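First up is the structure itself, then whatever we jot down about it.
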Amino acid sequence: MTTTPSIPFIPFALPDIGDDEIAEVVETLKSGWITTGPKTRRFEQDFSAFLGDAGLHAMAVNSATAGLHLALEASGIGPGDEVITTTHTFTATAEVVRYLGADVVLVDIDPATLCIDVAAVEAAITPRTKAVMPVHYAGLAADMATLLPLARRHGLKVIEDAAHALPTTCGGQLVGTLESDATVFSFYANKTMTTGEGGMVVTRDAALAKRIQVMRLHGINRDAFDRFTAKVPSWYYEVIAPGFKYNLTDIASAIGIHQLKRAHAFQQARADIAARYDAAFADLPVITPPQPLHGDSHAWHLYVLRLDDEARLTRDELIEGLYAAGIGCSVHYIPLHLQPYWRDRYQLQAQQFPHSQHAYERMLSLPLYTRMGPAEVQRVIDAVRALLG
Ligand SMILES: *Cc1c(COP(=O)(O)O)cnc(C)c1O
C-alpha cells in the first residue's frame, strides 16, 4: 500500500486542541499545582453543570477504564459474580470485570443499532448475574428504556460505558443523567473531547461516589488537595482499603475544562460531517449508520459504514483502496468473541454472536473529526464513491 506523496494523508481521527486549552495548561504548569487539585475540582463541577443535574457526583479519573473499574468495585462486584456486556466493544469494557475476579458474559448486538441486544441480556441472566454494562456504540444511545426496567426487575446494577457518548441523549435526557448506577465517559485522544488520557465517572448514589473517591487515590479517606488546602492543614490521613492510583492531573483537567465548553459545537461539527456522508452514500451498496430515535442527539464519535453483500469490494479491499488514496480508516471493533483471551477463556464461537460477526466482517469507520474541512470530507466521499460506485 502506497500513499501518493503530494496528497496529505487524512487520518481517521485528530484531536482539536485550541488556544484556551493551551493557555490553561501553561497557567497550570506555572501555578505550582500540577496534580489533582483546583483545576480538577473545577472540571468536575463544570461536568456536573454540563449534565445539568445538581444531584450528580462527577469524579475525574485518569481513564475511562479506571472509571469502569472503580464503578464496578464500588458496586461490590467480585469473584463468583457475572457481569453482562456486549461482544461488540473495546476490551476495556470487559477487562475491568476480570480485574475484580468476576466473570464476563458476552452477548450479541441489535443488528439495527449495533448496541447491546436487550433481549439477549435478559436471556443471559443467571442467579450469579450482578451487573450489566451497556455501551452507547459510536455515540448512539443503547436501548436504555428497555434495559433499565429489566435490570431493576432483576436487581442488577447498570454501569454505562459512555466512552463514545458525550453528548448523547436518550429519551431526551443526556447520557449521564439516566437512572443507571454509574456512567463513565472517556477523554482518550480520539474521543469526542479529550484530556490526552482521562475519564469521568458520574453517579447519583452518594455511597457509590464516596467509595469511588476513596478508591481512586490509594484508599485514602481524603485526597491530597483536601489535606493541603483544608482550613486547618493536616498531615494526618487514613488508609481504609488497598486503593488504586486513578486520579486525574490538573494538567489534564486544564485541557478538559475548555474541551467541555466546546462539546456542543464539536457535536454539531461531527453531526454535519455525518449528514454529508449519509447523503453522499445513500445510493451505494452500503448501510449508513443508524439514526437516533425521536430527535435524540447522537455524539457521532464514529461514522461506521457497513458494506452490503452486493458491494464489489470486501471490507478489507475497501480499506486498502482508501489507504492508497491517502485516507485512514479503522474497524470498531474486532468483537471480543474473536479475541484470543475472551474466546479461549469462555470457549466462544462466532455463531453465538451472528449480528456482531456479520457487522464486523462488513464494517469500517471513516475519518470523522472536528478539524476536518469540507475539502477533506469531499475527498473521503469521492474515494469511497470511486471504489464502490
Ligand atoms: C475508549 C474506550 C474505552 C476506554 O477508554 P479509556 O479512557 O482509554 O480508558 C472504554 N470503552 C469503550 C467503548 C471505548 O471506546
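Quick note: the coordinates plus some simple rules give every number you see, no bench work behind them. What you are looking at is a predicted structure, and each value in this text was computed from that prediction instead of being measured. A quick note on method: Cβ atoms are made from the backbone with ideal geometry, for glycine too, and the neighbour counts reach across all protein chains shown.
Phi angles across segment 334-346 convert, under the Karplus curve 6.51 cos²θ - 1.76 cosθ + 1.60 with θ = phi - 60°, into 3J(HN,Hα) values of 5, x, 4, 5, 9, 7, x, 4, 5, 4, 6, 4, 10 Hz, Gly and Pro given as x.
How much FRET efficiency would the formula 1/(1 + (r/R0)^6) give for Asp309 and Ile17, where r is the Cβ-Cβ distance and R0 is 45 Å, rounded to 0.05? Result of the calculation: an efficiency of 0.60.
Positive-end ranking of Gly321, Leu51, Leu338 along the dipole of the chain, with charges on Cβ about the Cα centre, is headed by Leu51.
Overall, segment 263-388 carries a charge dipole of about 300 debye about its Cα centre when +1 sits on the Cβ of Lys and Arg and -1 on the Cβ of Asp and Glu, all other atoms neutral.
The fraction of Cα-Cα pairs per 5 angstrom bin, counted from 0 for segment 263-388, comes to 2, 10, 19, 21, 18, 14, 10, 5, 2, 0 percent, rounded to whole percents.
Computed from the alpha carbon positions, the gyration tensor of segment 1-69 leads to an equivalent ellipsoid with semi-axes of 33, 19, 13 Å, biggest first. Calculation over all alpha carbon pairs of segment 61-191 in 5 angstrom steps from 0 returns a P(r) of 2, 12, 24, 26, 22, 11, 3, 0 percent. Counting every alpha-carbon pair across the chain, the share separated by more than 28 Å comes to 47%.
Looking at Ala66, Phe185, Ala145, which one has the Cα that reaches farthest to the positive end of the dipole of segment 19-261 (charges on Cβ: Lys, Arg +1; Asp, Glu -1)? Comparing the listed Cα positions along the dipole, Ala66 ranks first.
When peptides 115-127, 26-38 are ranked by their average number of other Cβ atoms within 10 Å per residue, the highest-first order is 115-127, 26-38. Per-residue packing, averaged as other Cβ atoms within 10 Å, sorts the ranges 144-154, 204-214, 69-79 into the order 69-79, 204-214, 144-154, beginning with the highest. Remark: relative contact order (segment 50-197) = 21 percent; criterion is Cα-Cα distance under 8 angstrom and separation of 6 or more residues.
Among the GluC sites (Glu not before Pro) in segment 302-389, those located in a DSSP loop and surrounded by at most 14 other Cβ atoms within 10 Å of their own Cβ are Glu310. Around the amide H of Ile109, modelled in the peptide plane, lie the amide H atoms of Asp117, His355, Ser356, all under 5 Å away and 5 or more residues distant in sequence or on another chain.
With both labels modelled 7 Å from their Cα along Cα-to-Cβ, the Thr146 to Glu317 distance reads 3.6 nm. Each residue of segment 276-291 was assigned a 3J(HN,Hα) from its phi angle through the Karplus expression (A = 6.51, B = -1.76, C = 1.60, θ = phi - 60°), giving 5, 4, 3, 5, 6, 9, 4, 9, 8, x, 9, 9, 7, x, x, 8 Hz with x at Gly and Pro. Between Ala271 and Leu29, residue separation times 0.36 nm minus the direct Cα-Cα distance comes to 83.7 nm. Loop-located trypsin sites (Lys or Arg not before Pro) in segment 284-346 (DSSP state other than H, G, I, E, B) with a sparse environment of at most 14 neighbouring Cβ atoms within 10 Å: Arg312.
Scalar couplings 3J(HN,Hα) for segment 358-375, obtained by applying the Karplus form with A = 6.51, B = -1.76, C = 1.60 to θ = phi - 60°, are 4, 5, 4, 5, 10, 9, 8, 9, 7, x, 7, 7, 5, 7, 6, x, x, 5 Hz; x denotes Gly and Pro. Keeping to pairs on different chains or 8 or more places apart, tell me how many lysine pairs in segment 19-261 have Cα atoms under 21 Å apart. Taking the Cα cut-off of 21 Å, the pair count is 11. Considering only the other residues whose Cβ falls under 14 Å of the Cβ of Thr126, what net charge follows from Lys and Arg at +1 and Asp and Glu at -1? Cβ neighbours under 14 Å give a net charge of -2. Can you compute the FRET efficiency between Val239 and Ala263 using 1/(1 + (r/R0)^6), with r the Cβ-Cβ distance and R0 = 35 Å? Round to the nearest 0.05. With a Förster radius of 35 Å, E is 0.45.
Which residues in segment 138-168 have a backbone N closer than 18 Å to a point placed 7 Å from the Cα of Ala119 along the Cα-to-Cβ line? The answer is 142-151.
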